[in-house]
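Just so it is clear, none of the values below were taken in a lab; they were calculated from the coordinates. Owing to the predicted nature of the structure, the values given are computational and were not obtained by experimental measurement. Reconstructed Cβ throughout: ideal geometry from the backbone, glycine too, with neighbour counts over all protein chains shown.
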Amino acid sequence: MRKKLLLGNWKMNKTPSEAKAFALAANEMVDYAVAHDIEVGVAPTFVCLATVKENINPKCIVSAQNVNEHASGAYTGEISIGMLKEVGIDWVILGHSERREYNGETSEACNLKIKALLAANMTPVYCCGESLETFEKGETKAWVAEQIKAGLAGLSTEEARKVVIAYEPIWAIGTGKSATKEIAEDTIGYIRGVLRELFAEAAEDMRILYGGSVKPANVTEYMSQPDIDGALVGGASLEPDSFKALIEGMIK
Ligand code: 13P
């Protein structure tokens with residue numbers, strides 16, 4: 001049985017004091033989610049990770065939005081796995097379409113990071129998703145299959161089991177134009193089929209999230225789909241009230 005997961009990707013939002021205020025406001029709702037068998041987490045920027053970790057309910061996952069695969073050294077501007085671990089962070093989002101677009105992150109680069117995270121007993125959340133052009137050409141499945149195969153290349157079945165996948169169609173991110181539950185389920189079901197080919201029965205344990213304009217008003221319909229195991233939410237995860245409403249929508 002795959003546990004439902006709600007993960008808020010804060011992107012480049014919130015100063016440390018704003019992040020702390022959210023953390024303090026979120027304590028009860030985290031308990032409420034956990035009591036209903038839902039895992040919840042937030043992914044603040046690097047400078048906010050320690051303060052969020054210190055102030056939020058310990059049952060809440062706190063995730064980074066990126067990491068470097070090297071242990072240390074001359075990599076100006078980068079953050080290592082060891083640095084994250086020391087502030088108590090053991091989840092990392094990788095391969096988000098914004099990092100692919102603005103920072104040149106490739107599936108192959110994500111593969112190195114995923115392997116480094118798994119070796120450190122951490123949880124990668126690996127994102128995939130197609131552009132509007134690819135969607136309109138009807139090439140979504142081939143596109144995401146390629147991203148999944150390249151990003152997870154060389155993982156053992158046991159390693160793959162620990163990876164969380166997020167399917168985020170780029171045309172639905174921050175646009176208010178969410179994919180219908182049918183489109184999301186169709187692609188996510190297909191992704192599970194690709195995972196089955198690669199990792200056999202481990203595919204049934206791997207969580208696949210939907211992301212792209214998820215709101216309190218539409219989260220329930222995504223959760224009703226058999227292959228959708230949760231949501232990766234940007235804008236609607238930023239305010240405690242909205243985050244709470246997302247949790248409530250997932251419970252319905
Ligand atoms: P929005 O929920 O703001 O569309 O963002 C989705 C996303 O990119 C989460 O990673």
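Descriptive notes on the structure:
- So Tyr126, is it without any contact (Cβ under 8 Å) to a residue 12 or more places away in the chain, within 16 Å of the ligand (Cβ to nearest atom) and among the aromatic types (Phe, Trp, Tyr): no
For every residue, the table says whether it meets (1) in contact (Cβ under 8 Å) with a residue 12 or more places away in the chain; (2) closer than 23 Å to Lys3 by Cα; (3) aromatic (Phe, Trp, Tyr); (4) surrounded by fewer than 18 Cβ atoms within 10 Å (Cβ to Cβ).
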| site | (1), (2), (3), (4) |
| --- | --- |
| Ser131 | yes, no, no, yes |
| Ala150 | yes, no, no, yes |
| Ala166 | yes, yes, no, no |
| Thr180 | no, yes, no, yes |
| Ala184 | yes, yes, no, no |
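- Counted residues, the range 1-34 - those being crowded, with 22+ Cβ neighbours inside 10 Å and either in contact (Cβ under 8 Å) with a residue 60 or more places away in the chain or at positive phi (or both): 9
One line per residue, one yes/no per condition, for (1) under 19 Å from the mean Cα position of the chain (by Cα); (2) within 24 Å of Ala116 (Cα to Cα):
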site	(1), (2)
Trp10	yes, yes
Lys14	yes, no
Val34	yes, no
Cys60	yes, yes
Thr76	no, yes
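- Checked against the criteria, Lys141 counts as surrounded by fewer than 18 Cβ atoms within 10 Å (Cβ to Cβ) and in contact with a helix residue (DSSP H, G or I) (Cβ under 7 Å, 6 or more places away or on another chain).
- Unique match (being of a type in the set (D, E, K, R) and within 28 Å of Met250 (Cα to Cα)) among Lys115, Lys59, Lys85: Lys59
- The residues of the range 67-95 that are of a type outside the set (A, V, I, L, M), under 21 Å from Ile208 (Cα atoms) and in contact (Cβ under 8 Å) with a residue 40 or more places away in the chain, listed by number, are Trp91, Gly95.
- Restricting attention to the range 91-117, the residues that are of a type outside the set (Gly, Ala, Ser), within 18 Å of Tyr167 (Cα to Cα) and in a helix (DSSP H, G or I) add up to 8.
- Complete set of residues in the range 184-229 that are acidic (Asp, Glu) and out of contact with any strand residue (DSSP E or B) (no Cβ under 8 Å at 6 or more places or on another chain): Glu185, Asp186, Glu197, Glu201, Glu204, Asp205, Glu221
- Among the residues making up the range 47-79, those that are assigned to a helix (DSSP H, G or I) and crowded, with 16+ Cβ neighbours inside 10 Å are Cys48, Leu49, Ala50, Thr51, Val52, Lys53, Asn55.
- Of the residues making up the range 187-196, not a single one is free of Cβ contacts under 8 Å to residues at least 24 places away in the same chain, more than 20 Å from Val92 (Cα to Cα) and β-branched (Val, Ile, Thr).
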